[in-house]
Amino acid sequence: SYDIRNKDHPRFFVTEDKFNGPLRRFTPNPNKINWDDPSEILHGEGVIEYLVLLPDQSANATKGQGSFTWTKHLKVGRESAMTLFPNVEGIDVSGGELFFVSKRFQEMTILNLDTSQYRTVSTVRGLFDGKPDQIQRITHGDGLLFFTEEGGVDAGVHARDSEGRFYTILESPVWKAETTGLAFSPDKLHMYVAYQANGLLFDVYRDDGLPFDGRSINAKFHKMELNEGP
């Protein structure tokens, strides 16, 4: 994924699906940036750094929050990943926020790229009982963040809104292994997703003809029922 809000100082991010796979940040050499041939930016000179999460250890701290920094030392990046976000895979950037998921912990971490603060939330909600895999945000602000799913009962595509509520977009009782390859058409009218082990690619669209980034979506909301005792 990438943050190109400042075209003179772009940054690119890569995950590595291993128990100690770090999250990498690549910053191209400013003298080698040529937007007339953007594919070459990733092949030129630059600096590679690794994410380090620093949990808030204060007495009144909220679990899953803290600050973060970047290091050029691969070993330090691997240690942070192994401890706090193993098997990191899906990643996306929207505005000044970077989203990524840890499949092993079934969590999503949100980095504020401007303040260097982070927060982590569980992705285990309702029918989303598998491991979060690929993620993609197709709108800004109040739009949905879409997830594919590895494993679970009926692997599918799920989404999370800006208030932390989870929805099921689709699931299958037939193809269960893993959904992947999530993409949307430029007009957001079509969602493409594959069932990896079955080798099947689906073109999904809405009966009402509205785009997937619309404010109205006919999806199942996973309301959490709290057991407060008898």
The stretch 189-198 - phi-based ³J(HN,Hα) in whole Hz, Karplus 6.51/-1.76/1.60, Gly and Pro as x: 7, 10, 10, 10, 8, 10, 9, 4, 5, 8
Leu210 accessible area, assembled protein chains, probe 1.4 Å, Å²: 80 Å²
Exposure of Ser116 as accessible area (Å², to 10), given a probe of 1.4 Å and all protein chains: 50 Å²
Contour excess over end-to-end distance, with Cα ends at Gln65 and Ile48 and 0.36 nm allotted per residue: 3.6 nm
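Which sequence of Met191, Met82 reflects their accessible areas, 1.4 Å probe, from the largest down?
Values: Met191 0, Met82 90 Å².
Ranking Met191, Met82 by accessible area, largest first, yields Met82, Met191.
Rounded to the nearest percent, how much of the accessible area of the stretch 1-127 (1.4 Å probe, protein heavy atoms only) is carbon and sulfur? Write out the running numbers ahead of the final one.
On the way: 3270 of 6860 Å².
Percent of accessible area from carbon and sulfur atoms in the stretch 1-127: 48.
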Label point distance in nm, His190-Val174, each placed 7 Å from Cα along Cα→Cβ: 2.0 nm
Nearest-10 value in Å² for the accessible area of Phe202, using the 1.4 Å probe: 70 Å²
Rounded Å value of the spacing that divides the Cα centres of the stretch 164-181 and the stretch 1-58: 30 Å
Rounded accessible area per residue of the stretch 161-203, 1.4 Å, Å²: 54 Å²
Debye intensity ratio in log₁₀ form over the Cα atoms of the stretch 37-87, taken at each q of 0.15, 0.21 Å⁻¹: -0.56, -0.80
Segment Phe202-Asn29, extension gain: residue separation times 0.36 nm, minus the distance between their alpha carbons: 58.3 nm
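The values are calculated or read from the model by the stated rules, or taken from the named source; none is laboratory data. The shown structure was predicted, so the numbers you read here are calculated from the model rather than taken from an experiment. Because the Cβ atoms are built from the backbone with ideal geometry, glycine has one as well, and the counts that use them run over all protein chains shown. Each accessible area value is taken on the protein alone, full model and side chains, heavy atoms only, with ligands, DNA and RNA left out. Shrake-Rupley method; radii C 1.70, N 1.55, O 1.52, S 1.80 Å.
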